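Notes to accompany the following structure.
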């Protein structure tokens, strides 16, 4: 983590800790470094125990700059690792589109509600839905359900969402 000091002003001042491994197999993913390139030590670690449990520890204020694309990508990648790539939906672009997902255990049925949490129109976004390819997908509208074009991906399928008005929702419905 380069130039980490910007993370530690305001309420987070002095809230960074160097992490020390307590078990074999701890992997360090980021280091504290000053503007002068002085190294302080690890500040982000990941660990998987013998039973398969996974944990990530951050030694700094992870909620700071939560709206930056880099922080969003970092947290999504960590969540994907913790869940073994089982996040039900990943949104590629850094946009204020919030997914609310309720799928069946086999991920073949259920709604994906997408909230445009912005005061601006959302022009476009790409969603990777981690559900079996070939599952029928429809867009729920005031007039019923319309089929939605999907493209297969490595972990499911992708869907393009376009022209979502501010503070409104789109609903993808998986299954029959």
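A few notes on this one:
- Scan the range 66-86 for residues that are modelled with pLDDT of 90 or more and assigned to a loop (DSSP other than H, G, I, E, B) and the total you get is 4.
- Residue match in the range 47-68 (condition: on the phi > 0 side of the Ramachandran plot and in the same structural domain as residue 20 (by TED's automatic domain parsing)): yes
- For residue 137, the test of being surrounded by 15 or more Cβ atoms within 10 Å (Cβ to Cβ), more than 20 Å from the chain's Cα centre (by Cα) and either touching a residue at least 12 places away in the same chain (Cβ under 8 Å) or closer than 30 Å to residue 60 by Cβ (or both) is passed.
- Restricting the range 93-117 to residues that are touching a residue at least 40 places away in the same chain (Cβ under 8 Å) and over 18 Å from the mean Cα position of the chain (by Cα), the residue that is surrounded by the fewest Cβ atoms within 10 Å (Cβ to Cβ): 104
- Cβ separations smaller than 6 Å between residues 6+ apart or across chains give no pair from the range 149-176 residues that are in contact (Cβ under 8 Å) with a residue 60 or more places away in the chain and at positive phi to residues that are surrounded by 11 or more Cβ atoms within 10 Å (Cβ to Cβ) and assigned to a strand (DSSP E or B).
- Qualifying residue in the range 50-61 (condition: touching a strand residue (DSSP E or B) at 6+ places or on another chain (Cβ under 8 Å), in a loop (DSSP other than H, G, I, E, B), closer than 30 Å to residue 139 by Cα and in contact (Cβ under 8 Å) with a residue 24 or more places away in the chain): no
- Strands (runs of 3 or more DSSP E) wholly inside the range 87-153 containing at least 1 residues that are assigned by TED's automatic domain parsing to the domain that holds residue 170 and farther than 17 Å from residue 75 by Cβ: 97-101, 110-116, 122-129, 137-141, 144-147, 150-153
- Selection from the range 1-39 of residues that are at pLDDT below 80, outside any loop (DSSP other than H, G, I, E, B) and surrounded by fewer than 16 Cβ atoms within 10 Å (Cβ to Cβ): 5, 6, 10, 11, 12
The values are calculated or read from the model by the stated rules, or taken from the named source; none is laboratory data. Not measured: the values here are computed from a predicted model. Glycine gets a Cβ as well: all are built from the backbone with ideal geometry, and neighbour counts include every protein chain shown.
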